[in-house]
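Taken together, the values in this text are just the output of simple stated rules run on the coordinates, not laboratory data. All figures in this text were calculated on a predicted structure; none of them were measured in a lab. Cβ placement follows ideal geometry from the backbone for every residue including glycine, while neighbour counts extend to all protein chains displayed.
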Amino acid sequence: MLFKQWNEIAEPRHQLDSPVIIANEGTLQTSVLPQVTLPPIDLQNFSRVILTSAIMNPLFPEKLLKSTILGDLKVILDLSSGKMALDHPMHSWNFDENFPNEVDPAYVVEERSKTFELCAPIVSFGRTLLISVKENFLKTSPIFLNQIAKSVVCKLAQGAFEGEVVVLGTSDQITELKPVSDKETTLNPPEFVTSFVGAVITQLIEKSLPFQGLIAPSEGPVGFEKLNLVTMEELITLCHQWVDSNKEIYRNECYRRWRLDGAALGAQSGLYI
């Protein structure tokens, strides 16, 4: 078994579903949700699926693992709209007054075009499938991450995937590596997980799919996390079991990529100026 059994069990706090996207922030008119497209992949060809974020990419060096890109997971949000009358009147506000002073039932939305897109490569090495999503709290809406998590987990559930599902994530609310699974967790309140990994864990639990995972301590905002040397050593030791490579070569390559990606925390990463 990859993880030890723990006596103390606490319910993890997961990321809540984000509210619907609003077409116009001045109204309560709802808009469409992002649409997720997955490339056609036969899950029966794999014995393991790893779901993680880009902070863990140094643990999966492409050249060393001889990995292959099977396709791109794409998320598109199209807010394009032609001229159309609203079902409800639009209120305009005059801030010189205390209350809205104008209601125009014939308000018309002007034509506009806005499209947002996010891509994440789906990679395979050996009989392992790796889905790693690049996060950025400044540019990527949590709604995109939630929709990706829903689509990926639904694909696993519909395909009756019989292999191992592994989730690797980070949290700045913990101080040591924490195992989680569909049966138990070592997270204790107020410790919690958010973003893509939080959404994935939530969906796996809702679909009653067995999984194992690790949550690593990190520092920094979503998409810009940094890991310390002790955490990297633990992650490398655990992840080497999935890699068909010499352990020392694998460790050195992971450390090299960890520093190149700017994910190193502490004296080993250099000085901040």
Burial order of peptide ranges 232-241, 195-204, 36-45 (average beta-carbon count within 10 Å, highest first): 195-204, 232-241, 36-45
Roughly what percent of Cα-Cα pairs across the range 31-82 reach past 15 Å? 68
The range 110-172: radius of gyration over Cα atoms, expressed as a fraction of 2.2 N^0.38 Å: 1.41
At a 10 angstrom cut-off on C-beta neighbours, averaged per residue, how do the peptides 249-256, 208-215, 143-150 rank from highest to lowest? 143-150, 208-215, 249-256
Ranked highest first by the average count of other Cβ atoms within 10 Å around their residues, in what order do 178-189, 153-164 fall? 178-189, 153-164
Run the paramagnetic zone check for VAL32: 7 angstrom along Cα to Cβ, then residues of the range 61-81 with backbone nitrogen under 16 Å. 74-81
